[in-house]
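Peer 1: Take a look at the following structure, please.
The values are calculated or read from the model by the stated rules, or taken from the named source; none is laboratory data. Computed from a predicted model, the values in this text were never measured in an experiment. Note that we place each Cβ from the backbone using ideal geometry, even for glycine, and neighbour counts take in every protein chain shown. All accessible areas refer to the heavy atoms of the entire protein, side chains included, with ligands and DNA or RNA removed. Shrake-Rupley method; radii C 1.70, N 1.55, O 1.52, S 1.80 Å.
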Amino acid sequence: MERFLEESGECLQKEKRESPSPVLPPLEGAVEGGVVLRFAPGPSGPLHLGHSRAAILNDEYAKLYQGRFILRLEDTNPRRIDPDAYDMILEDLLWLGVEVHKMYIQSERMEIYYQVARELIGRGAAYVCTCPAEEWRKLKLKGTPCPHRERPVEVQMEEWEKMLEGVYCENEATLVVKTDLTHPNPAVRDFPALRIVDVPHPRVGDRYRVYPLYNFSVAVDDHLMGCTHILRGKDHLNNTLRQEYVYKHMGWPLPIFIHYGLVSIPDVQLKTSTIREEIEKGNYSGWDDVRLGTLRALKRRGFRPEAIRQFWVEVGVKPVDITVSFQNLYSINRTLIDDVANRYFFVERPKEAFLYHDRPLRSTAPLHPQHLERGRREYYLKPSPLPGGEGSVIYLSGRTVDTLIPPTIFRLKDLTNAELVGEERGIIYLKALPGDAQGMRGKIYEWCPPNSLPMTIYMPDGEVKRGLVEPLIEKEMGEVVQFERFGFARIERSEGGLIGYFTHP
RNA sequence: GCUCCCGUAGUGUAGCGGCCAAUCAUGCGGGCCUUUCGAGCCUGCGACCCGGGUUCAAAUCCCGGCGGGAGCACCA
């Protein structure tokens, strides 16, 4: 609690924001120092924005009550595991600022699941079913028990051992948890707990053939790991109902289940399997391709993890379904980076321009208008008067040039007022005018000096913008800058030259 | 088909029977400031899904309708 308030206080100072940082509502039944929460992703790929909600919320409550946060990697389906995901998830959480107190990997806990399975069988709460899956499903829908359901415990136990020993092949046998076949909600009736998978596991190889299914392993682990609160999305509502049967069969006390609403995130690709395919096909550069909604993509674009955290805290834990507004996320991130991002000009679709001026011109734009102490971007243009001179070369964006119609007078920001005097074969000619920017509102254009560098900016919608940037950008590798009148971007260097990843407007 | 969840401005959020002709943020419009279309300041726009009930009083409780979403996997 104290730490949380401290952080909020710091933020307030740093951001100069008057509205207080949002705070999560109290957690039902939470005791200071006594809550255990967990985040349990499947290691099929790195985390994306959707995952981050569960991670952040659980972490926030763990911190709020000085409790514990457990990370549990749910790798019980050998077919859907990306061996790299274990590390990627950990990296993503580290970046998010999530404090992991303890990490478990389910594939290392197989014996525990087997033990609970036996216990369940012993209590008459589970049965080995050898029906074809479809048939079993049909019977369930009708509320009819399958032929194997009511056999005596000893037979079930024998069958179970046969499953383990390899008598059955994949799809031939499964251990099913009994619930209530007549339950009005078909989603709650008997559900499979463990099944046979004849594929080597990336971590434990072929040591096991029988793997637990989600609802079983989750219930077992949540209990054994001492979770006090299960905070997860509403899509698990029916899973909770099923998992409660395991608790009841085993005589375990129920944790407090909290379900927040479903999140829909528009306009970005989040589906791990699709992303993987597209990466393999070469359509995405990697998991951090800035068109993606992965956390590493957001990181690459220059998002602050605190922005994502604040965003989810603001959204809260209501059971209402929400649609993520990137506008809102952008706004939060903007308040975080506006202060640190230095300002530069990016000239898109550059057009050469010759500027005639009698006197030397000096441009001394601040790196940041609110932080003059950071220094200035200084450029000097030697005099090059109209009669006789060749003109100083500068660059204007094509966007700007398209709107210029002689005799237009406008302002080259931080340099001089200018007048368009002519255009020939795509090259434009300008004459410097005395005066300052007064009255130039709406006609202020960015420009670039002659020694500017080419840069490619990748937009999140896939658009690629090419242009020039001021040479001083060299000092900003890895940093987020603001290209005035264009937006924020994070700067990198690649073999091909300078690259900007657009953050947001 | 069955079951469950949800329904406050474009988006997110506060409110949980009277102080609500409804909070804050974001967005959009206008103004100020500024040599940025950023930041800051001022200001305007914009919502309780509908219909019944309960009550002196309902965004808040109950019922029905409508709308949205999820689940019914030998995925997690």
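Peer 1: Which entries of A:LYS413/A:LYS475; A:LYS63/A:LYS318; A:LYS351/A:LYS465; A:LYS299/A:LYS443; A:LYS299/A:LYS475 show an alpha-carbon separation above 24 angstrom in the structure shown?
Peer 2: Beyond 24 Å between Cα atoms: A:LYS299/A:LYS443.
Peer 1: Can you send over the carbon and sulfur percentage of the accessible area for region A:110-210, probe radius 1.4 Å, protein chains only?
Peer 2: 51 percent
Peer 1: Using a 1.4 Å probe on the protein heavy atoms, what percent of the accessible area of region A:453-504 belongs to carbon and sulfur?
Peer 2: After summing per-atom areas, the C and S share lands at 47 percent.
Peer 1: Tell me which of A:THR364, A:GLY435, A:PHE410 sits at the most positive position along the dipole axis of region A:344-448, charges placed on C-beta atoms (Lys, Arg +1; Asp, Glu -1).
Peer 2: It is A:THR364, whose Cα lies furthest towards the positive end.
Peer 1: Relative contact order (percent) for chain A, with alpha-carbon contacts under 8 angstrom and 6 or more residues of separation?
Peer 2: 11 percent
Peer 1: Which residue, A:ALA40, A:ASN451, A:VAL220, has the largest displacement toward the positive end of the dipole of chain A when charges sit on each Cβ (Lys, Arg +1; Asp, Glu -1)?
Peer 2: The residue sitting most towards the positive pole is A:ASN451.
Peer 1: Rounded, prolate or oblate: which fits region A:42-123 when a ≥ b ≥ c are the square roots of the eigenvalues of the alpha-carbon gyration tensor, with rounded for a/c under 1.5 and prolate only if a/b beats b/c?
Peer 2: Here region A:42-123 falls in the oblate category.
Peer 1: Can you give the accessible area per residue of region A:434-505, in Å², using a 1.4 Å probe?
Peer 2: 48 Å²
Peer 1: With +1 on each Lys and Arg Cβ and -1 on each Asp and Glu Cβ, how big is the dipole of chain A about its Cα centre, in debye rounded to the nearest 20?
Peer 2: I would put it at about 800 debye.
Peer 1: Just going by the charge dipole of region A:126-258, with Lys and Arg at +1 and Asp and Glu at -1 on Cβ, which of A:VAL210, A:ILE230, A:PRO145 is farthest out on the positive end?
Peer 2: Farthest towards the positive end: A:ILE230.
Peer 1: If you roll a 1.4 Å probe over the heavy atoms of the protein chains, what accessible area per residue do you get for region A:83-152, in Å²?
Peer 2: Roughly 51 Å² per residue, with all protein chains present.
Peer 1: If you average 1/r across every pair of different Cα atoms in region A:183-260 and take the reciprocal, what Kirkwood value do you get, in Å?
Peer 2: So the Kirkwood estimate lands at 13.8 Å.
Peer 1: If you count only protein heavy atoms with a 1.4 Å probe, what accessible area per residue comes out for region A:29-70, rounded to a whole Å²?
Peer 2: Result: 24 Å² of accessible area for each residue.
Peer 1: Right, next: In debye to the nearest 20, how big a dipole does region A:41-168 give about its Cα centre with +1 on each Lys and Arg Cβ and -1 on each Asp and Glu Cβ?
Peer 2: The calculation lands at about 640 debye.
Peer 1: Per residue Cα convex hull volume for region A:164-217, in cubic angstrom?
Peer 2: It is 89 Å³ per residue.
Peer 1: Roughly how big is region A:110-210's charge dipole about its Cα centre, with Cβ charges of +1 (Lys, Arg) and -1 (Asp, Glu), in debye to the nearest 20?
Peer 2: It works out to roughly 400 debye.
Peer 1: Find how much the distance from A:ASP87 to A:THR456 grows on full extension, using 0.36 nm per residue of separation minus their present alpha carbon separation; answer in nm with one decimal.
Peer 2: My answer for the length gained is 129.8 nm.
Peer 1: Under the 0.36 nm per residue contour assumption, what length would be gained going from the current alpha-carbon distance of A:ARG466 and A:ILE409 to full extension?
Peer 2: Stretched fully, the A:ARG466-A:ILE409 segment lengthens by 17.9 nm.
Peer 1: A further question on this structure: Please compute the length gained on full extension between A:ILE112 and A:GLU165, using 0.36 nm multiplied by the number of residues separating them and subtracting their Cα-Cα distance.
Peer 2: Stretched fully, the A:ILE112-A:GLU165 segment lengthens by 17.4 nm.
Peer 1: Kindly give the semi-axes, whole Å and largest first, of the ellipsoid equivalent to region A:453-504, taking each as the square root of 5 times a Cα gyration tensor eigenvalue.
Peer 2: Ellipsoid half-lengths, sorted descending, are 15, 13, 10 Å.
Peer 1: Label points 7 Å out from Cα along the Cβ direction at A:LYS382 and A:GLU419: separation in nm?
Peer 2: If labels sit at A:LYS382 and A:GLU419, their model points lie 2.6 nm apart.
Peer 1: How many angstrom lie between the Cα centre of region A:428-497 and the Cα centre of region A:186-236?
Peer 2: After rounding, the separation between the Cα centres reads 52 Å.
Peer 1: When ranked by the protection proxy of mean other Cβ atoms within 10 Å per residue, highest first, what sequence do the peptides A:364-370, A:276-282 form?
Peer 2: Taking the mean over residues of other Cβ atoms within 10 Å, the ranking is A:364-370, A:276-282.
Peer 1: Could you compute the FRET efficiency for A:VAL155 and A:ILE256, with r as their C-beta to C-beta distance and R0 at 45 Å, rounded to 0.05?
Peer 2: Efficiency for this residue pair is about 0.75.
Peer 1: Next up: Averaging sequence separations of C-alpha pairs under 8 Å and six or more residues apart, then dividing by the length of region A:453-504, give the relative contact order as a whole percent.
Peer 2: 37 percent
Peer 1: Could you give the distance between the Cα centres of region A:59-102 and region A:373-415, to the whole Å?
Peer 2: 53 Å
Peer 1: How big is the shadow of the Cα convex hull of chain A, averaged over all directions, in nm²?
Peer 2: 29.3 nm²
Peer 1: Could I ask something else about it? Summarise the accessible area of region A:344-448 (1.4 Å probe, protein heavy atoms) by the percent that is carbon and sulfur.
Peer 2: Of the solvent-accessible surface of region A:344-448, carbon and sulfur hold 51 percent.
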